[in-house]
Amino acid sequence: MGEAPTGPVLEVKDLRTHLFTSRGVGRAVDGVSFALRRGETLGLVGESGSGKSLTCLSLLRLNPQPASRIVGGAVLYEGTDLLAKTDEEMRRYRGKRIALVLQDPMTALNPVFTVGNQIFEAIRLHQGARGSRLRKIAAEMMRLLRIPDPEQRLGDYPHQFSGGMRQRAVGAIALSGKPSVLIADEPTTALDVTIQAAYLEVLKEIQRRERLAILFVTHDFAVVARMCDRVAVMYAGKIVETADTWRLFDDPRHPYTVALLRSVPDVEARIERLYAIEGQPPSVFEPAKGCAFAARCPHAEARCHDEPPPDVPLEGGRAVRCWLFVR
Amino acid sequence: MIRVVFFRLMQSLVTLLITSVIIFALARTSGSPADLVLAPEATPAERQAYIERMGFDRPLAYQYLIFLKNALQGDFGKSLRTGQPATRLVFERLGGTLRLATVALLIALAISLPLGVVAATQRGRTWDRVGLGFALLGQSVPSFWKAIVFVIIFGVWLRWLPTSGVGTWRHYILPAVTLGWGVSAGIVRLLRSGMLEVMGSEYIKLARAKGLRESVVVWKHGLRNALIPVITFIGFMYGIIIASGVVIEVVFGWPGLGLLAYESTLWRDFPVLQLTVLLFTVIVIVINFLVDVSYGLVDPRVRGG
């Protein structure tokens, strides 16, 4: 995969994607920034509705339109801003440089075409292969994802595949363009735990070999611990804390991260009641004046309610968006 | 599979039987053929003799059973008007109707597939309105009126197209467009709503994420899925085309089953009318069966496995 690049392969700066509905404008993605280096996995965690999926789709400019629109920021792929590209130029980045794996393998494949046909499509597009070479590459891709009997299974339809195999087929499609960035939007949420583990292992292995950069969206901390080098915690459309995975687990700083980690059930602790964060996240249509978490935060001060907190860089390359760390 | 086919066959036979009872009884409510077949100056005695000779004085149920017994042997009687076997008269006309209905259906598909897709992808914009407006007009304006207006515009004023009869491909245009337009509405609406649903699905998102051109995403990944319910609908519409074809064949003087049905109704030509209607029924049954079979071709999930 060439020489070591200097900067991050994907850098997102102050990305804003707003919803435009009859209820008004919703700030679903409200100033998201992060950087992703080759060979690295960045976890994006947060509750449902925090804007994780919309962030992913916005990176490829596949956010639902006209219901939502990217209203600001930059998505830099090796330094070029994808938001400034024409639709046709943008299309050439999809699958080829940045690939996407979706959450639900049961619905991600087109039911009326064979799995082979859908993999061929990607290979033909990105590698220009035809005929028997096309079949060969497709079978290789399936073997790479450890789908058994690839040659025979190319002719199968999605409904003839199990959930785990479908997600691998989606993976084979995504990796057919030899992308350098893979966006995985909760790829294992719909899978059984054992199938999940096997899938993650395959993904890790491919990442190591191809030096793939992965943005891994999940709300499962067990998966984060297993997969991610760094974690970004998202709350109400903003990233509130970024840190190396082990540091985040050992020593969470943002009150939301602390609460989030406390709400993860621990089998060994044998606690009677599960911890739940009090209250609800604010509606994207009525953003809080200050910090979005202030209303639920046990440490909230007066200014937390009045002014949005800045992003505070801390030791070890981590950052927290919280007034408590401003001094 | 064999059980399914057998079941469908039995079902079809019951349908045919019921249709035959209805048309047999209904035809006879229009009056006696004696009024039309015999000369106006025929004496009551001559009239009575005719009725007895034809068996019209027997109870209706008895007449029906005789008809059924003969029909099972392939004998549908002779035309009261011309004396020719009903089967010959009817089968002569079958091709004309099937050709017209098929051309009409093709025209309907050629118009409504693009309109339905474009209406969905341009939702709320000009083409969406054009598509729905066109469809609504075709559906709500009665076909006999459309036929007459077309004749006036293209036949009388512009003199572009023949207004009656058969012969060249140009004779197909007016009747087929009239028929096809009428059924386009259903396809446009069904396809539009189907496309709107399909285009919001995850596999469309994935197809786009692959980097496929939007045209491939819409016309391959989208349309192929949205077509599944449309295919079923086509069987239903084929029946509508054939049924509304009666009016169109009369207006355009198209020598098909519809015109024959019309004529034999006027002449109280019971044997011909009965066979024509039964043949309509058979056509609709066969088309529906073919649609059910083709369903498996379009949707791999139905094939099982």
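Scanning the stretch A:91-111 for residues that are open to solvent by less than 10 Å² (accessible area, probe 1.4 Å) and among the β-branched types (Val, Ile, Thr), we see that the one that is modelled with the lowest pLDDT is A:VAL101.
Tell me which residues, restricted to the stretch B:114-133, are open to solvent by 60 Å² or more (accessible area, probe 1.4 Å) and either under 14 Å from B:ILE248 (Cβ atoms) or in a helix (DSSP H, G or I) (or both). B:THR126, B:TRP127, B:ARG129, B:VAL130, listed by residue number.
At the interface with chain B (Cβ under 10 Å from one of its Cβ atoms), among the acidic types (Asp, Glu) and more than 16 Å from the chain's Cα centre (by Cα): is that true of A:ASP81 in this structure? Let's see the steps before the verdict.
Values: at the interface with chain B (Cβ under 10 Å from one of its Cβ atoms): no; among the acidic types (Asp, Glu): yes; more than 16 Å from the chain's Cα centre (by Cα): yes.
No, not satisfied.
Those residues that are touching a residue at least 40 places away in the same chain (Cβ under 8 Å) and open to solvent by 70 Å² or more (accessible area, probe 1.4 Å), I need them from the stretch A:140-159; list them, please. A:ARG146, the sole residue that qualifies. If the condition is being out of contact with any Lys or Arg (no Cβ under 9 Å at 6 or more places or on another chain) and open to solvent by 10 Å² or more (accessible area, probe 1.4 Å), then the stretch A:211-227 contributes A:ASP220, A:PHE221, A:ALA222, A:ALA225. Checked against (1) free of Cβ contacts under 8 Å to residues at least 60 places away in the same chain; (2) under 22 Å from B:LYS220 (Cβ atoms); (3) in contact with a Leu (Cβ under 6 Å, 6 or more places away or on another chain), B:GLN122 passes all but condition (3).
Of the helices (runs of 4 or more DSSP H) entirely within the stretch B:1-59, those holding at least 2 residues that are within 18 Å of B:ALA71 (Cα to Cα) and without any contact (Cβ under 8 Å) to a residue 12 or more places away in the chain occupy B:2-28.
Of all the numbered requirements in (1) within 14 Å of another protein chain (Cβ to nearest Cβ); (2) farther than 30 Å from A:ILE277 by Cα, A:ASP104 misses one, and that requirement is (2).
Against the test of being within 13 Å of chain A (Cβ to nearest Cβ) and over 30 Å from A:ARG91 (Cα atoms), the options B:ILE241, B:ILE187, B:ILE231, B:ILE173 yield a single qualifying residue, B:ILE231. Just one residue in the set A:LYS178, A:LYS204 is open to solvent by 40 Å² or more (accessible area, probe 1.4 Å) and not in a helix (DSSP H, G or I); that residue is A:LYS178. The residue of the stretch A:229-269 that is modelled with the highest pLDDT, among those that are part of a helix (DSSP H, G or I), surrounded by fewer than 15 Cβ atoms within 10 Å (Cβ to Cβ) and of a type in the set (D, E, K, R), is A:ASP250. Count of the stretch B:218-249 residues, restricted to those that are open to solvent by 50 Å² or more (accessible area, probe 1.4 Å) and either in contact with a Ser or Thr (Cβ under 7 Å, 6 or more places away or on another chain) or hydrophobic (A, V, I, L, M, F, W, C) (or both), is 6.
I'm trying to understand the selection: among the residues of the stretch B:60-112, which are part of a helix (DSSP H, G or I), free of Cβ contacts under 8 Å to residues at least 40 places away in the same chain, within 22 Å of B:ALA25 (Cα to Cα) and open to solvent by 40 Å² or more (accessible area, probe 1.4 Å)? Matches in the stretch B:60-112: B:LEU60, B:ALA61, B:TYR62, B:LEU65, B:ILE66, B:LYS69, B:ASN70, B:LEU72.
Being more than 14 Å from chain B (Cβ to nearest Cβ) and within 24 Å of the chain's Cα centre (by Cα) is a property that A:GLY164 has. Considering only residues that are more than 10 Å from chain A (Cβ to nearest Cβ) and touching a residue at least 60 places away in the same chain (Cβ under 8 Å), look in the stretch B:203-222 and name the one that is farthest from the chain's Cα centre (by Cα). Here the residue is B:VAL218. Counting the residues of the stretch A:201-218 that are hydrophobic (A, V, I, L, M, F, W, C) and free of Cβ contacts under 8 Å to residues at least 24 places away in the same chain gives 0.
Considering the conditions (1) open to solvent by 20 Å² or more (accessible area, probe 1.4 Å); (2) closer than 30 Å to B:ASP299 by Cβ; (3) not charged (D, E, K, R), A:VAL193 is excluded by exactly one of them, (2).
When residues in the stretch A:216-226 are screened for being under 12 Å from the mean Cα position of the chain (by Cα) and not in a strand (DSSP E or B), 2 of them pass.
Those helices (runs of 4 or more DSSP H) of the stretch A:35-139 in which 2 or more residues are in contact (Cβ under 8 Å) with a residue 40 or more places away in the chain occupy A:52-59, A:105-108, A:115-127.
Of all residues assigned to the stretch B:174-193, none qualifies as being in contact with a Leu (Cβ under 6 Å, 6 or more places away or on another chain) and farther than 16 Å from B:LEU105 by Cα. The lone criterion from (1) crowded, with 18+ Cβ neighbours inside 10 Å; (2) at pLDDT below 90 left unmet by A:GLU272 is number (1). Looking at B:LEU266, B:LEU297, just one residue is open to solvent by 50 Å² or more (accessible area, probe 1.4 Å) and either assigned by TED's automatic domain parsing to the domain that holds B:ALA34 or within 30 Å of A:GLN160 (Cα to Cα) (or both), and that residue is B:LEU297.
For the list (1) farther than 25 Å from B:PHE7 by Cα; (2) away from chain A (no Cβ under 14 Å); (3) acidic (Asp, Glu), I need the number of the one condition that B:ASP292 fails. Tallying (1) farther than 25 Å from B:PHE7 by Cα; (2) away from chain A (no Cβ under 14 Å); (3) acidic (Asp, Glu), B:ASP292 fails exactly one: (1).
Could you go through the stretch A:52-65 and let me know if any residue there is over 17 Å from the mean Cα position of the chain (by Cα) and open to solvent by 10 Å² or more (accessible area, probe 1.4 Å). Don't jump to the end; show me each part of the working.
From the stretch A:52-65, those over 17 Å from the mean Cα position of the chain (by Cα) are A:65; that's our starting set.
With the extra rule that they be open to solvent by 10 Å² or more (accessible area, probe 1.4 Å), the set shrinks to A:65.
Within the stretch A:52-65, one or more residues are over 17 Å from the mean Cα position of the chain (by Cα) and open to solvent by 10 Å² or more (accessible area, probe 1.4 Å).
Residue pairs whose Cβ atoms lie under 7 Å apart, separated by 6 or more positions or on different chains, with the first residue in the stretch B:286-305 and within 29 Å of B:LEU16 (Cα to Cα) and the second at pLDDT below 80 and among the β-branched types (Val, Ile, Thr), are B:TYR295/B:VAL302; B:GLY296/B:VAL302. Among what's in the stretch A:112-135 and is more than 18 Å from B:GLY211 (Cβ to Cβ) and open to solvent by 20 Å² or more (accessible area, probe 1.4 Å), pick the residue that is farthest from the other protein chains (Cβ to nearest Cβ). Filtering first and then ranking leaves A:SER132.
Residues in the stretch B:163-200 that are within 14 Å of the chain's Cα centre (by Cα) and either of a type in the set (S, T, N, Q) or surrounded by fewer than 19 Cβ atoms within 10 Å (Cβ to Cβ) (or both): B:THR178, B:SER184.
The values are calculated or read from the model by the stated rules, or taken from the named source; none is laboratory data. Predicted model only: the values in this text are computed from it and were never measured. Reconstructed Cβ throughout: ideal geometry from the backbone, glycine too, with neighbour counts over all protein chains shown. Note: areas computed on protein heavy atoms with side chains; ligands, DNA, RNA excluded. Shrake-Rupley method; radii C 1.70, N 1.55, O 1.52, S 1.80 Å.
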